1. What whole-number volume per residue, in cubic angstrom, does the convex hull of the C-alpha atoms of segment 11-84 give?
2. So the label point goes 7 Å from the Cα of residue 377 along Cα→C-beta, right? Which residues of segment 403-419 then have their backbone N under 14 Å from it?
3. Can you give me the long-range amide H partners of residue 140? Hydrogens built in the peptide plane at 1.01 Å from N, cutoff under 5 Å, separation of 5 or more residues or another chain.
4. Can you compute the FRET efficiency between residue 77 and residue 40 using 1/(1 + (r/R0)^6), with r the Cβ-Cβ distance and R0 = 25 Å? Round to the nearest 0.05.
5. With respect to the cross-link table entries 30/201; 48/253; 50/317, which display a Cα-Cα separation exceeding 21 Å?
6. Using each residue's phi in segment 288-304, evaluate 6.51 cos²θ - 1.76 cosθ + 1.60 at θ = phi - 60° and report the 3J(HN,Hα) Karplus result to the nearest Hz, with x for Gly and Pro.
7. Can you return the lysines within cross-link range of residue 181? Criterion is Cα-Cα under 24 Å, with same-chain partners fewer than 8 residues away left out.
8. What full-extension length gain, to one decimal in nm, is calculated for residue 95 and residue 301 as 0.36 nm per residue of separation minus the Cα-Cα distance?
Amino acid sequence: MAMATERGATVAECLLRSGSELSVRVRMGKPEHVEEASHRSAGLRVMKGKRVATTSTSDLTEAGIERFVADAVELAEISQEDPFAGPADPKLLCDPSAAPSLELYDPSGGSVDAARALAAAHEGEAAALAYDARITNSDGGNYSRTAGGVALVLSSGFEAAYEGSYQSLSVVPVTADEGGKKRRGYHWTAKRFLDELESPKSVGEEAARRTLRKLGAKPVATCEVPVVFDPDSARSILGMLAGCVMGSSIWRKSSYLVGREGTQVASDLVTIVDDPLIKRAPGSRPYDGEGLASRKNVVVEKGVLRTYLCDSYSARKLERESTGSAGRGGGAGVSCTTTNFILQPGTDSNEDIIKGTKRGLYVTEMMGFGFNPVTGDFSRGAAGFWIEDGALAFPVSEVTISLNVDDLFKSIDAVGSDLDLRTSTAAPTLRVARMTVAGAG
């Protein structure tokens, strides 16, 4: 920081990251992959007036840092001026000493070694293979964990650091259907704290159940019916909206939600928040990438779009204040981001929503990517189960579901109570009143 300002930078912001990652895979009882790596890197964003440059390095020797800083300042000198460039308003920076304790780091999870990870992956896969004789193959049991810390120092005087950890276990069994067609199912668990993970045995057994229930899957005739999304597929639907509420998407006019603040964009059953203050949640953080205090933002309230998520740059572009939604990558570049982006749960159970659906499709998987954020057009391959008289009748595959996302969110007529914060974007079971299901004929 001192070196950058001595060389003429009017603003200097440095991010340091350090940590380690472990990833292992067991397939058919044998270790197939073990990868462990440690990292330590620095990112620097400098400004000379309205000229901005970012650089990063993993060479933290004295000579490496000298070159790193010199490159950043030189890049700033030859950059084009941007009238909206600048650091966060110093008056908005948080007091690091007052930052909340969010319990983001678990020493026991962060210290899991390869032997222990392999044992968990092996136990999960073995439980799946032993569950039923029809489970004859596997795409593996996978365990991964990451742990580390990040420090942010700004020339405006802000200095803070925090640690984090996260681990996950997944099992992917395989069974053979009629004609030799392979059916794969999966189940997974993920948390910041090791003792909150589901047991490897339960993960393997649930993965086996989900695999076996796919036997006999077939397409259905093209129709328009209610579609129920399980939490995994609902999360994917919510993720499409996340990109469309970013301030950067709004000022670039690359979102169908441009100019929609204060208007109905979803059913009144839908409330969506971005909340970085949930203890132990995967997207939580005490402050944003520019040093602003973390805060809960209500993005959609009972169907009405209340705010876009902005960092300082997009806020200036849109003539407003930052919502504390800045993220900063390893290269120290700043952009809008979500934290824990959550569609708030309702009161109906998953089972009750299915029972309340006379005839329709229950989606457990989606394939491909078919979403245009400018127009809202959405179409993706899907698999799951056909619902008949409020019960799952038979497995369905090789169909496509489609509906403009604007209409999709406005047509949500049931929201489940089964929210699970395994990932930073999360939603419970959702039912859309009517979608086009394209299948056989």
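1. 125
2. Backbone N within reach: 403-406.
3. The answer is 28, 172.
4. E between residue 77 and residue 40, to the nearest 0.05, is 0.35.
5. Those over the limit are 48/253.
6. 8, x, 10, x, 7, 4, 5, 8, 7, 10, 8, 7, 10, 10, 6, x, 9
7. 214, 218
8. 71.2 nm
Where a number appears in this text, it was derived from the coordinates with a stated rule and is not lab data. Predicted, not measured: the structure shown is a model, and the values here were computed from it. Using ideal geometry, Cβ is built from the backbone for each residue, glycine included, and neighbour counts are taken over all protein chains shown.
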